[in-house]
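Scroll down for the structure; my scribbles are underneath it.
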Amino acid sequence: MTHTLVLDSSYGLDDLFALALNRYPLARKKKKTIRVSDTTSLVWHPSKNEASIEVPMHRESEPSDVPDGYGFDTAFPNGVPAGEEREILEFALNVVRRLGGKLVTDTGHELAPHQFMQPGLHVVAAYELAPKDLLEIVQKIVKEAEIVGEADGFPYMLSAPIFAHADLVVEASTLEGEIPAIEHVEWVKEGAALYSVAYRPDDPSTLVAENPEKSQIREWREAYLGCSAVARAIWDETGGFVLDHEDFLVEPNELF
């Protein structure tokens, strides 16, 4: 089954491969083909600045009960992708979110998630910050920040209002599971701290709007700026890695 990933003209095959390695550390590039598995490849067409996504078709007839925000139910009315096909399409949509462009499905639908949808960032660091130390860092950005409940060590949570109907939440915990982009790093293997910075509106459904209003996009952007500023302040203190909400690496110097 073939889908098409069209990139913004500012980016090309090398940029696509760099993001592929975030999600598929064993991906290999040979000439104009990126192979991410034995059965899935991205074949680059430089004249069109796009890649053909070659993957076996795997569809489910019943739509998911959870809104995906990407528009899969609309794009695939006869059965949404699952398994490896779903995985590579979600990767492609994250490429679009990061680099600009669009995904054209085999059904002819064009999907182009907004870059600020689901604002949120993660900082993975080698050491843990005490609650009062993290609070001091966050309060420099949002002075109303406070510790949620009683906290004398990991895990713990901070919260700060950024809109009347939404908070910015910082969760400090121990990293569990593996993040493909950084799983090879020795100190990450030995145990790392995870600081998750997220935007939490009272109505979570606003984070998965398939066709957001301009006012919603403005709010996403402002929320991302807040998450970005907090994540950068934490990284300035701890070092380590910054990743977006889908665990793709983010260059700290690109944060606001």
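The values are calculated or read from the model by the stated rules, or taken from the named source; none is laboratory data. On a predicted model such as this, the values are computed, not experimentally measured, just so you know. We place every Cβ from the backbone using ideal geometry, glycine too, and count neighbours over all the protein chains shown. When the accessible area is computed, the model is the full protein with side chains, heavy atoms only, and any ligands, DNA or RNA have been set aside. Shrake-Rupley method; radii C 1.70, N 1.55, O 1.52, S 1.80 Å.
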(Q) Given the condition on the phi > 0 side of the Ramachandran plot and in a strand (DSSP E or B), answer yes or no: does some residue in segment 4-22 qualify? (A) no
Q: Take segment 116-146 and flag every residue that is over 25 Å from the mean Cα position of the chain (by Cα) and open to solvent by less than 20 Å² (accessible area, probe 1.4 Å).
A: Pro131
Q. Only one residue in Glu87, Glu144, Glu62 is modelled with pLDDT of 90 or more and farther than 27 Å from Glu176 by Cβ, so which one is that?
A. Glu144
Q) Is it fair to say Ala18 is surrounded by fewer than 18 Cβ atoms within 10 Å (Cβ to Cβ), free of Cβ contacts under 8 Å to residues at least 60 places away in the same chain and within 16 Å of the chain's Cα centre (by Cα)? A) yes
Q.
Pull out all pairs, ordered by first then second residue, where Cβ-Cβ is under 7 Å, the residues are six or more apart or on different chains, the first lies in segment 72-95 and is within 19 Å of Glu50 (Cβ to Cβ) and touching a residue at least 12 places away in the same chain (Cβ under 8 Å), and the second is among the β-branched types (Val, Ile, Thr) and not in a loop (DSSP other than H, G, I, E, B).
A. Ile88/Ile53; Ala92/Ile53
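So that you can scan it fast, the table gives a plain yes or no per residue for (1) within 14 Å of Gln118 (Cβ to Cβ); (2) small (Gly, Ala, Ser); (3) modelled with pLDDT under 85:
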{"residue": "Val185", "(1), (2), (3)": "no, no, no"}
{"residue": "Leu194", "(1), (2), (3)": "no, no, no"}
{"residue": "Arg200", "(1), (2), (3)": "yes, no, no"}
{"residue": "Pro212", "(1), (2), (3)": "yes, no, yes"}
{"residue": "Glu219", "(1), (2), (3)": "yes, no, no"}
**Q.** The one condition in (1) under 26 Å from Tyr156 (Cα atoms); (2) open to solvent by 20 Å² or more (accessible area, probe 1.4 Å) that Tyr199 fails to fulfil
**A.** (2)
Q) When residues of segment 153-194 are filtered for being in contact (Cβ under 8 Å) with a residue 24 or more places away in the chain, open to solvent by 50 Å² or more (accessible area, probe 1.4 Å) and over 30 Å from Glu222 (Cα atoms), how many remain? A) 3
Q: Could you please find all residues in segment 103-120 being at pLDDT below 95 and either in a helix (DSSP H, G or I) or in contact with a strand residue (DSSP E or B) (Cβ under 7 Å, 6 or more places away or on another chain) (or both)?
A: Thr105, Asp106, Glu110, Leu111, Ala112, Pro119, Gly120
